[in-house]
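The values are calculated or read from the model by the stated rules, or taken from the named source; none is laboratory data. Keep in mind that what you see is a predicted model, and the values were worked out from it rather than measured. Methodologically, a virtual Cβ is constructed for each residue, glycine included, from the backbone with ideal geometry; neighbour enumeration extends over all protein chains shown.
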Amino acid sequence: MNDNWAVIPVKGLTESKTRLSTSLQGDKRRILVEALLEDVLSSIIRSRVYGTVMLISPDENVGSRFRSHEIFFLKQIGLGLNRAIEQANRLATQKHARSLTTVLADIPLVEAGDFKELLSIGPSVRKVVMAPSFKAGTNVMLASPPGVISPSYGRWSYSKHLRLAQLKRVDAYSISNSRVSFDIDTMSDLMELRRLDPESKTASARAVSMMKLVVSPARGR
């Protein structure tokens, strides 16, 4: 039995990506959020390294849209990303999971092999393996065992998680991977996605192409 778990926290189909709300109204933003989730979930499932794949959200529409025999939905109690991950940690611990990988839902370029790499790094106990974002966040974090460090998402979360691992004397590993580090927060990110995926192989790039967005080119980070 595979006792490695993955969790994807989602604010909601219409509540997510509010920084895009001035440019993407209503249905367009929902379509983008669904496409991002489709890309992330597809890569996780194709990796075949997780015995349990969980979506957690206060929005039950997320479960209605994506629940399947391969994905189960957990209704979030309380608000906020850290609360969601704490709840997932508790459930994974109760079910004796070996590890829990938190995957943010806005990394459309992630591939199945990236998760295989993540699981292959370091010893099997008391570790965190992180993939930082280009913006100093934490896009993916494997914790073994679940909850070995407390989630501290928000600004500069990558450095916060490294510090927490140090304080807890937990081995910390970092993956340098441009696919995993690229996330979607702004209109410039959407245009960069079109550049990085010109053939629209991802659902997210196809969604962006259909929207016919026009913004200034993305500047260097």
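Remarks
- Against the test of being crowded, with 17+ Cβ neighbours inside 10 Å and in a helix (DSSP H, G or I), the options Leu55, Leu41 yield a single qualifying residue, Leu41.
- Subset tally (residues that are in contact with an Asp or Glu (Cβ under 8 Å, 6 or more places away or on another chain) and over 20 Å from Lys95 (Cβ atoms)) for the range 48-65: 2
- Of the helices (runs of 4 or more DSSP H) that lie entirely inside the range 111-186, those containing 2 or more residues that are modelled with pLDDT of 95 or more, in contact with a strand residue (DSSP E or B) (Cβ under 8 Å, 6 or more places away or on another chain) and of a type outside the set (Gly, Ala, Ser) span 112-120, 157-167.
- Complete set of residues in the range 153-169 that are under 19 Å from Ala88 (Cβ atoms) and surrounded by fewer than 17 Cβ atoms within 10 Å (Cβ to Cβ): Gly154, Lys168
- Among the residues listed as Ser159, Ser174, the single one being touching a Pro at 6+ places or on another chain (Cβ under 8 Å), more than 22 Å from Arg46 (Cβ to Cβ) and small (Gly, Ala, Ser): Ser174
- Within the range 187-208, the set of residues being at pLDDT below 95, of a type in the set (A, V, I, L, M) and surrounded by fewer than 21 Cβ atoms within 10 Å (Cβ to Cβ) comprises Met187, Met191.
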